[in-house]
Structures are given as C-alpha cells and as structure tokens.
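For reference, the structure discussed in these notes is given below.
What follows is calculated from the coordinates using simple rules that are stated; it is not laboratory data. Just so we're clear, the structure is a prediction, and the values are computed from it rather than from any experiment. Virtual Cβ from ideal backbone geometry, glycine too; neighbours counted across all protein chains shown.
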Amino acid sequence: MSEVTFWVGVGTAAFFLALTLNLVLHVPRLPRLRDVQPLADGELPVASIVFAARNEARGIEQALQSLLRLDYPRLEIIGVNDRSEDATGEILERMAAMDPRLAVVHVAELPPGWLGKNHALHLGAARARGELILFTDADIVMMPDTLRLAASYLLRERLDHLTAGPHVDMQGLVLKTFGVFFGVMFTVFSQPWKARDPRSPKHVGIGAFNLVRADTYRRIGGHQPIRLRPDDDMKLAKLVKKNGGTQDFVNGADRIRVEWYHGVGEAILGLRKNGFAGIDYRYSLVLLTTVTQILFFIWPYIAVFVTHGWTRAAYGVTVGLILLLCAGAAREQHEPVWLGVLVPVASVLFITVVWNAMLYTLIHRGIEWRGTHYPLDELRANKV
C-alpha cells in the first residue's frame, strides 16, 4: 500500500508540475484589455448592448448607469425585462425616459422550448442595429473605456467574437476561496489561450462580456441553436468556433466587475441550474470529477501529514504547486494569496455543487430557473 501511495504521490506531483508550467507559459501572455490602443470615433461601428433582466431591481440601476457612461460614439442599449416580478421594469422605463440610447423590451410570456434568458437575449438581438453586439448581464459594472477598447481589439485582430474575463467581487473567506478555485478550474478546462487557434476545439465565452459581430451572430442562428442551454455563454462561443468564426479572450479584470454570489449557500443554489449542464448531463463525468477532486485537491493535503519520507516529499511538492497556482489566481482577483491553504474546502464545495446540480435535476426531472421549470429531456436534447 505504501508503494502505491508513493507512486500516486509522484504521479500527482508530476501532473501539477506539468500543469503549472503550462499555465505559467500561457496565462501571463493573455492580452489585457487595458493595454489595447483605442481606435478613434470614426473607426468604430455602431454597437448594440443587449442584456436580459429578471428581478434585478437590487443592482440594475448601478450597472445600467455604468453602461450609459461608456465612452463609445455610436451606441444603443437594449434591456429586455424578462417577466420580472419586482421593480426591474419600472427602473428600466424610468432610465430609458432620461436617455434615448436605451430601449426597453418587455417579455410577458415565455414561448415553449426556450430558456427565459436565452429567449430574452435572442429577442433583444433581433432589434439590434449595431454591427457589433455585446451580450452582458444585468449586474455588470464597466469602466467608461471598456467597450471602446474591446471593439478596437476585435476590429484590429479581425475577430468574430471576443470575450473578457471580469473581476469577481466575493463576500466571505470561504466564498473567496471557492471563487479563486473555480477560476483555476475554469482556466484549466477552457484553456482560453487556445480559443484563437482555429485548429483547436477549445472555445471560451463569459456571460459578463460576449462581444460578437452581428452578421456572425445571425449566420449561426443567434441563440436559437442554444435555446435550452443554461451554459449559453460557453455554447455561444462554441457555435462561433464550429462555424468557422475567429475568437479570442482578453483579461478585463480592471475594466469589468461583477458580484458573484452573496454567500456559499447562494452559490450552491445559483450553480444548480448549470452545474450538470456544464458536463453535458453525463453521470460518468460527475463520478470522474468527484474522483479527480479527491485525488488531486483533497488527498494531497491529508497525505503530507499521514505519510513519511519521499512519499511526503512528493505530496509536499503537489501542495506547494497548488498553493502557487491559487496565489496567482488570487492575485489577479486582488484577493489574499494564501487562500490556497483552504483548497480542500473549496474542492469539497466544488463536488457539492456538481452533485447538488445532478441530484436536483434528476429528482425534479429538470431545472428551475428564473421562475420556470425546464424538463430534463428537453435540456438534454439541445446538444451543441
């Protein structure tokens, strides 16, 4: 048994060494939005911002004010009020009365075969007049030069789609740790530096900031092909890539901000809608995720205390590399670099999120999102 433990430790250390080298080689080279040279007004086409809002009265005014302050010459904003039961619609109408660039669309009824958010974005995009369409969320706050810089980068690089990684505001130590850990997992899974490579199937889309050429968006069918995908941001990116479009990722953490969740419990509930969808509703991947999390992110922290000699040294290397990875991710999010010591806690939460999403979806034969039940069979059928 001790020999098996030793070789598992060596294998784990080798895996993290290779992973760390890969991330160190590529992540620092990812372009940053702040480094983009902005184009002049006359070089920028009309841009349309489209967002969907359901019961967002708490934070929509601050987010919308940031959009209205964007330093972009020809801009329209389309806010789609998706069956809100709070004051969201009234806030949108009040702000639209003060600024003609803002148009409001009210959805009273959701047609069958659509997720509410995807339908709202599709509906808003149908009214967009811009050559560029920015899909964002109703709680995103942007710096005034954000869209100008992003559009300049997309145009210069001749891209069809550009997504930007935001700064995520997180409350509480455990949630901060989970957010940093989630960011590492997302980066490892999506490998955003490969999004630009037409030979790679890797793609990346982030709901906070998906900028796409309008003709490309309409050529791929808009949101209709992903009408029942809770992970619509990633699947939109996949559609662009599958249809021969070019895309890229930029680090926009100092230009775009979003408050993730207000606590761990809210995060578990919030990720319930797409935690199972993100692994394509496959039970085998739930089991693989569980085993992988235990083997790579929980057991090494235990092994450094219960093993000895070279075995302990191997797991010590593993833990050290995990701490290094999390320190880099935490620094990007302006969080304490020592959060990596709590990785086992974050890993347990990650497993909890995946299992909670799967069990809820199976027990209820679907998901509840924005006040609507969506049957599992229909969700599974919408493959991209």
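Things to note:
- Taking the Cα centre of the chain as reference, the dipole from Cβ charges on Lys and Arg (+1) and Asp and Glu (-1) amounts to some 1020 debye.
- Members of K202/K238; K194/K241; K242/K383; K238/K273 lying beyond 18 Å, as alpha-carbon distances in this model show: K238/K273
- Close amide-amide hydrogen proximity is noted between W369 and Y374, each under 5 Å apart and 5 or more residues distant or on a separate chain (H modeled in the peptide plane; Pro and chain starts excluded).
- A cut-off of 5 Å between modelled amide H atoms, ignoring neighbours fewer than 5 places along the same chain, links G130 with S48.
- When the square roots of the Cα gyration tensor eigenvalues are ordered a ≥ b ≥ c, the ratio a/c for region 247-286 is 1.5 or more and a/b does not exceed b/c, which makes its shape oblate.
- A rounded overall shape is assigned to region 102-259, the ratio a/c of its alpha-carbon gyration tensor axes (a ≥ b ≥ c) being less than 1.5.
- Magnitude of the charge dipole for region 36-110, about its Cα centre and with charges confined to Cβ atoms of Lys, Arg (+1) and Asp, Glu (-1), is about 80 debye.
- Gap separating the Cα centres of region 76-95 and region 12-59, nearest whole Å: 27 Å
- Aspartates and glutamates whose Cα lies under 18 Å from that of K117, excluding same-chain neighbours fewer than 8 positions away: E56, D82, E85, D86, E109, D137, D139, D231, D232, D233, E368, E378
- With all projection directions averaged, the alpha carbon convex hull of the chain covers 19.0 nm².
- Tensor-based shape of region 247-360 (alpha-carbon gyration tensor, a/c under 1.5 rounded, otherwise prolate or oblate): oblate
- Set the Cα radius of gyration of region 1-81 against 2.2 N^0.38 Å, with N its number of residues, and you get 2.03.
- Volume per residue of the C-alpha convex hull in region 149-197, rounded to whole Å³: 77 Å³
- Kyte-Doolittle at least -1.0, axis length at least 18 Å by Cα - qualifying DSSP helices, the chain: 2-26, 173-190, 309-332, 343-363
- Average Cα contact separation per residue, the chain, under 8 Å, 6 or more apart, as relative contact order %: 21 percent
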